[in-house]
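The values are calculated or read from the model by the stated rules, or taken from the named source; none is laboratory data. It should be emphasised that the depicted structure is a prediction, and the values quoted were computed from it without experimental measurement. Neighbour counts are summed over all protein chains in view; Cβ atoms, including those assigned to glycine, are modelled from backbone coordinates with ideal geometry. For the accessible areas, the whole protein counts, side chains as well, though only heavy atoms, and no ligand, DNA or RNA atoms are used. Shrake-Rupley method; radii C 1.70, N 1.55, O 1.52, S 1.80 Å.
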Amino acid sequence: MATLTTNKNFLSPVGFQFTIDRQKFPNIEYFCTAVSLPSISLASVEVPYKGVALTEPGNRLEFGELTLAFNVTENLENYIETFNWMHDFVNTKGDYKEDATLLILNSHNNLSKEVRFNGIFPTNLDALEFDTKSGVEYFNATVTFEYTSYEFK
């Protein structure tokens, strides 16, 4: 039976850290500005019964995409890290999947929850639009990941 929480503080949208292999991807992690905790859905199954379509819970979970936004460095180090990661998949056919963790912090900036992502790999990296007509706004890119699963620790 569930119990009512004793912690009445709300979750802050700025209380997070994203960690991934620091040896391979130090700049993606360090310059991360936003991460979306992916959606999860449970498909339903239609069951015909006396001329009515009833629905029952299915047996398969579907996970949404993991997206991460980061400030692009002047020399494009973090952009190139992701670019090279994607190229390595295509050019060498190796297993370049990584595990990553979203650390969720409480109102005192202490670790509250860990969300572990298993087998992430990038599937999309935003374009960088160079434009002399716009004001000086520093580049922020988004990378989209697919993954095997995620779990709360």
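Taking 35 Å as R0, compute the FRET efficiency from the Cβ-Cβ separation of A34 and H87 and round it to 0.05. It comes out at approximately 0.90. Listed by chain and number, the lysines placed with their C-alpha closer than 26 angstrom to that of K113 are K8, K24, K97, K153; residues fewer than eight positions away on the same chain are left out. Size estimate for region 50-104 follows the Kirkwood approach: the inverse of mean 1/r over distinct Cα pairs works out to 15.8 Å. Rounded, prolate or oblate, given the Cα gyration tensor of region 64-144, with a/c below 1.5 counting as rounded? Verdict is oblate for region 64-144.
Modelled spin labels at N106 and E56, positioned 7 Å past Cα toward Cβ, are 4.2 nm from each other. Normalised by 2.2 N^0.38 Å, where N counts its residues, the alpha-carbon radius of gyration of region 1-68 equals 1.83. Distances between placed amide hydrogens fall under 5 Å for K113 paired with I104, all partners being 5 or more residues away or on another chain. Database remark: amide H of F16 closer than 5 angstrom to the amide H of L105 (H placed geometrically; neighbours at sequence offset of 5 or more, or on other chains; Pro and chain starts carry no H). Relative to the first principal axis of the alpha-carbon coordinates of the chain, what is the inclination of helix 77-92, with its axis defined by its Cα atoms, in degrees from 0 to 90 and to the nearest 10? Value to nearest ten degrees: 70.
Taking all protein chains together and a 1.4 Å probe, the residues R116, R60 rank R60, R116 from largest to smallest accessible area.
What the Kirkwood sum gives for the chain is a hydrodynamic radius of 18.3 Å, with every pair of different alpha carbons counted.
Rounded to the nearest whole Hz, the Karplus-based 3J(HN,Hα) values (6.51 cos²θ - 1.76 cosθ + 1.60, θ = phi - 60°) of region 99-110 follow the sequence 9, 9, 9, 9, 9, 9, 9, 8, 5, 9, 6, 9, with x at glycine and proline.
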